[in-house]
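Student: Structure provided below as structure tokens; questions to follow.
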Amino acid sequence: MSPDWQFDIPSALLVGALLTLLIGLVLMAVARSVPDAVRPAVRWWVVATLVQPAGFVLITLRGGAPAWATVVLANALIAFAFVAYALALHRFFGSRARPAPLLAPWLVVVAGSVWWGLLVPDLTARLVVVSLAMAAILAYGARTLYRHAHRRDRLHHVVGLSFAAAGGILAYRAGVLLVDPARVTGVFTLNHVQILTYAVGGILPVVATVGFLLMGNERSARELERAARVDYLTDCYNRRAIEELGARMMAAARRHGMSLAVLVIDLDHFKRINDELGHAAGDEALVRSVERIRDCLRADDLLGRLGGEEFVVLMPNTDSASAVAAAERIRENFNALPLVLGDVLRPVTLSIGVAVLAPADRLFSQLLQRGDRAMYAAKNAGRNLVIADPMSGWVDTRP
């Protein structure tokens, strides 16, 4: 004879509340170790995982505690937790949420709980309104993730689908009650509608939080990788990255019989800026120079900083004449307008060396060295010049 088994909703709610609380405490403990860019999002997520259990505990007290606490406050806390999840996703993707789309459904939850929970008690009406309002908040969270995520991988789908599924279940409960109000006669009525609904509270925080943490770890890994490849001041590639990219582009150029040009750019008399205006102005001059150089480049061109005030541009599929023309455009751009350094307008000129891939170049360092020699030749010739390395460009000699 098989033993009787019965699902107890209050006990399940307490277990879900405990799991959510533990997740929130763990997340709060690791919040200080996450990158600064992610920390505001983690704080909002911690708020959600600490507030939601309180709402579930209050629900289990219905019948033994005042309705204002077990109905109004409980629903308000759970809805606020959903709002906090949505705000966390906004902060994670660097956008600021407009309060109205999140505040409006939360106010509907509170107002519906007060009206149909205290003033004019009506369980069906209250469950329909509260379910739809909470579903709207969850749908807003899913929309936030899919709208702002630049790349959507499995982790994004785990979190996004968790919110979408939870919102869909709440909307389903509202639809069932509109069609058959007698389906739920009490808050702990045991049927599939109620079990699915309370599963939202127990499963959403666990699944979504795991996905959220993994998203944060992935973001941290990408930022560390980017920090190893990008110059911290000018936000262009650093020397290590540009040499790796240059070697790849050089191999591709040889493989496809295409040309590859390198521009080595140096700011003339840069030391004077530091001496006369200070190092802060020198740093700003480097940042503004990079912005101006980028304005003259194509989408396929790559810009890197070799060190100090020296930069390099990699120009795929570019012959010598085109590379010299591009270098002249950059030089003339600087001649036309001074750099704005705080309140000071400072004229800055460039010395640019041009080198194009030649058959003798076996390593990218050889091509870069020829560009560097041409740049120093421009400096020795009086600065504010473009000089091309005399070696011929790449010629496809394949039969």
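Student: So which residues in segment 116-159 are farther than 18 Å from L77 by Cβ, surrounded by fewer than 16 Cβ atoms within 10 Å (Cβ to Cβ) and modelled with pLDDT of 90 or more, if there are any at all?
Tutor: L119, V120, P121, D122
Student: Still on this model: Only one of (1) surrounded by fewer than 19 Cβ atoms within 10 Å (Cβ to Cβ); (2) modelled with pLDDT of 90 or more is not met by A74, so which one is it?
Tutor: Tallying (1) surrounded by fewer than 19 Cβ atoms within 10 Å (Cβ to Cβ); (2) modelled with pLDDT of 90 or more, A74 fails exactly one: (1).
Conditions (1) closer than 17 Å to A81 by Cα; (2) of a type in the set (A, V, I, L, M); (3) outside the structural domain of W45 (by TED's automatic domain parsing), marked per residue:
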| position | (1), (2), (3) |
| --- | --- |
| L161 | no, yes, no |
| A166 | yes, yes, no |
| G175 | no, no, no |
| I195 | no, yes, no |
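A quick yes/no check of all residues on (1) surrounded by fewer than 18 Cβ atoms within 10 Å (Cβ to Cβ); (2) free of Cβ contacts under 8 Å to residues at least 60 places away in the same chain; (3) in a helix (DSSP H, G or I):
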position	(1), (2), (3)
L224	yes, yes, yes
A228	yes, yes, yes
T234	no, no, no
G246	no, no, yes
A253	no, no, yes
V264	no, no, no
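Student: State all residues of segment 292-320 that are assigned to a helix (DSSP H, G or I) and surrounded by 13 or more Cβ atoms within 10 Å (Cβ to Cβ); if no residue qualifies, say none.
Tutor: The answer is R292, I293, R294, S320.
Student: Test I137 against the criterion of being among the β-branched types (V, I, T) and touching a Pro at 6+ places or on another chain (Cβ under 9 Å), and give yes or no.
Tutor: Values: among the β-branched types (V, I, T): yes; touching a Pro at 6+ places or on another chain (Cβ under 9 Å): yes.
In short, yes.
Student: Let me ask something else about it. Which residue pairs have Cβ atoms under 7 Å apart, sit 6 or more places apart or on different chains, and have a first residue in segment 181-200 that is without any contact (Cβ under 8 Å) to a residue 40 or more places away in the chain and a second that is assigned to a helix (DSSP H, G or I) and not charged (D, E, K, R)?
Tutor: Pairs found: R183/V176; R183/L177; R183/V193; V193/V176; L196/I169; V200/A166; V200/I169; V200/L170.
To keep it simple, each residue is scored yes or no on (1) of a type in the set (A, V, I, L, M, F, W, C); (2) touching a residue at least 60 places away in the same chain (Cβ under 8 Å); (3) in contact with a Phe, Trp or Tyr (Cβ under 7 Å, 6 or more places away or on another chain); (4) in the same structural domain as V184 (by TED's automatic domain parsing).
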residue: L87; (1), (2), (3), (4): yes, no, yes, yes
residue: L102; (1), (2), (3), (4): yes, no, yes, yes
residue: W106; (1), (2), (3), (4): yes, no, yes, yes
residue: A111; (1), (2), (3), (4): yes, no, no, yes
residue: L123; (1), (2), (3), (4): yes, yes, no, yes
residue: A135; (1), (2), (3), (4): yes, no, no, yes
residue: A139; (1), (2), (3), (4): yes, no, no, yes
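Here is a yes/no grid of residues against (1) touching a Phe, Trp or Tyr at 6+ places or on another chain (Cβ under 7 Å); (2) outside the structural domain of L25 (by TED's automatic domain parsing); (3) closer than 30 Å to A86 by Cα; (4) not β-branched (V, I, T):
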| residue | (1), (2), (3), (4) |
| --- | --- |
| V207 | no, no, yes, no |
| E218 | no, no, yes, yes |
| A247 | yes, yes, no, yes |
| V264 | no, yes, no, no |
| R288 | no, yes, no, yes |
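The values are calculated or read from the model by the stated rules, or taken from the named source; none is laboratory data. Quick caveat: nothing in here was measured; it's all calculated off a predicted structure. Virtual Cβ from ideal backbone geometry, glycine too; neighbours counted across all protein chains shown.
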